[in-house]
Amino acid sequence: MLSLAMPVVVAEVGWMAMQIVDISMVGRLGPEAIGAVGVGSALFFALAVVAIGLLLGLDPLVAQAFGAREFSECRAWLRHGLVLAVVLTVPLTVLAWTATTFVPALGLNLRVSNLTQGYLGVVIWSLLPLLLFTVFRRYVQAVAIVRPIMLALVTANIINVVANWLLVFGHWGFPELGVKGAAWATCVSRTYMCGFLALAVWRVTARLPPNDPGGTLPARGFEVARIRKLLRLGWPAATQMTLEVGVFTVATALAGRLEPHLLAAHQIVLNTVGLTFMVTYGLSAAGAIRVGHAVGRSDLPGARYSGWAALGIGAAFMGVSAIAFLTVPELILRIFTSDARVIETGVLLLLVASVFQLFDGLQAVATGLLRGLGDTWTPMLCNLAGHWCVGLPFGYALCFWWGWGVVGLWLGLSLGLILVGALLVPIWHYRIEALQNVL
């Protein structure tokens, strides 16, 4: 599990590090710039995550085909995933452009609102390479070749740092674009990632045998039935991810109605907990792959062991991160800002975050394990109940009705994550034991 998970975890941390670099770079421009990049990124991902979630249907399809040594099926799912990514780009790009005109209606600070519109208008151009990268990534992960993903993200971060340095501050004769420069740096790094992984996929595919062990010839052409199956598996995952990302997007928009330093503290801590979440998200991807392979070869003990191993590793890591949030909060916050008001609020938010770390990790890993079994409905329903029916309404009430401010908002988010984590782990146990009558 660790040998498969570690490169994926590095890749996930690298993914999150891009946004952290953007935040830390524009942090020198003031709290308004931090808030604008945070809100703009949140709005972009609220749209992009719909397509990313739909493409997650590739995980069980490719992993189970690979476990059964049906290599022609692996190639066919890759091809159809690419088609779906291109098709989804068109309506989502239109929606993203439309969303830029509605930013002022969010009630943000005027300066934050103007900067957010500029950032979102540029970062839209990274949507197509992001979705193609997602397809390439699901494919190589599912066939248990994860090192190229790690290399793509690590090198892309270097490119992102350089591009931010050049375009945000105007070094070496480049224009000084500020917040827009961070958006262009994101576009450049995502395009690079897409090209890097496309080359890796070509090399991986060339290594797989041309025929399945049973002599089946590779599937050719386009089949509508495959797209339907991909959507049938993917749309509950897309809804689940939209619900989870959406609740934090709404929370960010609500925090944007508060003072800029409160929004900045919210965004810094959100990125910090996002970084720890990405570790467990990487573990969930590895767990989904291992469980999918085991199911493909009808190995119930292997599926069971892989799942509990992933949950145990995730719980241990999140326990350590919670201790870090409690013991060195100021050290963490000073990586992003030296503003005393931002740090003061951020310390309180990290205290709240330490409470839900364990449950956040468990729900992330359990979601991946259930996806490896082909169950994308259960995480969706649990996220709807935990985040939208309980967590967000409670946080809104604490923030605006009872005057607890951004800390109250985070207490609501914490409650939602605790509920989702407490639900999904027992459900995983029930689902894996129920397979005993099937495999």
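The values are calculated or read from the model by the stated rules, or taken from the named source; none is laboratory data. This is a predicted model, so every value here is computed, not measured. Cβ: placed from backbone, ideal geometry, glycine included. Neighbour counts: every protein chain shown. Only protein heavy atoms, including side chains, enter the accessible area calculation; ligands, DNA and RNA are left aside. Shrake-Rupley method; radii C 1.70, N 1.55, O 1.52, S 1.80 Å.
Structural remarks
- Dimensionless Rg/Rh of the chain - Kirkwood Rh, Rg from C-alpha atoms: 0.97
- Nearest-10 value in Å² for the accessible area of residue 241, using the 1.4 Å probe: 30
- The share of C-alpha pairs in the range 11-63 whose separation exceeds 13 Å stands at 68 percent.
- About the centre of its Cα atoms, the chain shows a dipole size close to 1020 debye [charges on the beta carbon of Lys, Arg (+1) and Asp, Glu (-1) only; nearest 20 debye].
- Considered as an equivalent ellipsoid built on the Cα gyration tensor, the range 114-174 has semi-axes of 29, 17, 7 Å, the largest given first.
- The charge dipole of the range 106-204, taken about the Cα centre with unit charges on the Cβ atoms of Lys, Arg (+1) and Asp, Glu (-1), comes to about 280 debye, rounded to the nearest 20.
- With all protein chains kept in place, the per residue accessible area of the range 242-328 amounts to 31 square angstrom at a probe of 1.4 angstrom.
- Largest to smallest in accessible area, the residues 275, 370, 423 fall in the order 423, 275, 370 (1.4 Å probe, all protein chains included).
- Within the range 1-134, the proportion of C-alpha pairs whose separation exceeds 26 Å stands at 37%.
- Heavy-atom accessible area order for 119, 430, 305, 396, largest first, 1.4 Å probe: 305, 430, 396, 119
- Taking each residue as 0.36 nm, the span from residue 87 to residue 390 lengthens on full extension beyond its C-alpha to C-alpha distance by 105.6 nm.
- Kirkwood Rh and Cα Rg combined as Rg over Rh, evaluated for the range 230-356: 1.09
- Given a 1.4 Å probe and the protein chains as shown, residue 410 ends up with an accessible area of around 0 Å².
- In the calculated pair-distance distribution of the range 350-439, the portion above 21 angstrom amounts to 37 percent of the Cα-Cα pairs.
- Selected from 380, 201, 172, residue furthest toward positive end of dipole (the chain; charges at beta carbon): 201
- The heavy atoms of residue 90 present about 100 square angstrom of accessible area, all protein chains included, probe 1.4 Å.
- Rg to Rh, two decimals, where the range 65-190 supplies the alpha carbon set and Rh follows Kirkwood: 1.09
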